[in-house]
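Structure first, then comments.
The values are calculated or read from the model by the stated rules, or taken from the named source; none is laboratory data. Everything quoted here is computed from the prediction, not taken from an experiment. Note that we place each Cβ from the backbone using ideal geometry, even for glycine, and neighbour counts take in every protein chain shown. Side chains included, ligands, DNA and RNA excluded: accessible areas come from the protein's heavy atoms. Shrake-Rupley method; radii C 1.70, N 1.55, O 1.52, S 1.80 Å.
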Amino acid sequence: MTSNDLQVRYHAVCQAIETACRAAQRPIDSVRLLAVSKTKPAEDIARLADLGVREFGENYLQEALDKQAELRDRDLIWHFIGHIQSNKTREIAQNFDWVHTVDRRKIVQRLNDARAHCATPLNVLIQVNVDDAPTKSGVAPTDLTGLVEEVMNSPHLQLRGLMSIPDPVSEEALIASHQLLASLLATLKHRFPQAMLDTLSMGMTQDLAPAIAAGSTCVRIGTALFGQRTPRSER
Ligand SMILES: *Cc1c(COP(=O)(O)O)cnc(C)c1O
């Protein structure tokens, strides 16, 4: 993608965030943009960084590590947003600032152990299976509290909030899923008032506006910024 194309797309995304914030009567700076750069070259990340984007989300560990190495002179914040395999926890804990997809105890323990040697705790979001789909990742809402306590009791992890990837089955179902995640975070904040639970990671290219309406504080945008992705298997 050319610098000019990226600039046009970036400004359109900023505009969409601003419009959604205004419609929801929320301050524009209450929503941060996470640029999802999976499958895209380091060059595109560098171009967006030149425009002022600091936070990037990656799904595949080795691909992310390669790009981080290429971009190591830049001051970027890296978020891991892919499914976490337990044999990848060490490298994830040591090479990312945030992890959005924590969904089971074993992963919590392994990330905590691996982060012990780093100066700062790893920022953690718990992924919730908001559609209650048996095949999907994410903790069931009924099991959330136990996992929250596990993260809170991990000295090298800092629980920051919740994340979801709702199924876009219908507009109504999407809104209900967003509202469910927002209400789960509200309940946690009430129950743990001393915790730093400031992040609701929901909203992608297709559902940015309804996610912001429901209270998202972090939208994860790939396609609208970088264009369509080629399926992994075809690369
Ligand atoms: C790929 C991905 C995104 C970005 O999706 P787009 O529809 O391209 O904006 C956001 N979140 C997660 C977890 C993803 O895997």
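General observations
- Residues that are in a loop (DSSP other than H, G, I, E, B) and open to solvent by 60 Å² or more (accessible area, probe 1.4 Å), drawn from segment 55-96: TYR60, ARG72, ASP73, ARG74, ASP75, HIS83, GLN85
- Against the conditions (1) part of a strand (DSSP E or B); (2) in contact with a Phe, Trp or Tyr (Cβ under 7 Å, 6 or more places away or on another chain), ILE45 satisfies every one except (1).
- A count restricted to segment 192-206 and to residues that are free of Cβ contacts under 8 Å to residues at least 40 places away in the same chain, more than 8 Å from the ligand (Cβ to nearest atom) and open to solvent by 30 Å² or more (accessible area, probe 1.4 Å) stands at 4.
- Test: ILE175 is over 25 Å from ALA93 (Cβ atoms), surrounded by 13 or more Cβ atoms within 10 Å (Cβ to Cβ) and β-branched (Val, Ile, Thr): yes
- Residues that are over 16 Å from ARG104 (Cβ atoms) and without any contact (Cβ under 8 Å) to a residue 24 or more places away in the chain within segment 132-164 comprise just one, ASP132.
- Count - residues of segment 17-54 that are surrounded by 18 or more Cβ atoms within 10 Å (Cβ to Cβ), within 16 Å of the ligand (Cβ to nearest atom) and not hydroxyl-bearing (Ser, Thr, Tyr): 13
- Residue satisfying all of: in segment 207-235; without any contact (Cβ under 8 Å) to a residue 60 or more places away in the chain and out of contact with any helix residue (DSSP H, G or I) (no Cβ under 8 Å at 6 or more places or on another chain); nearest to the ligand (Cβ to nearest atom) among these: THR223
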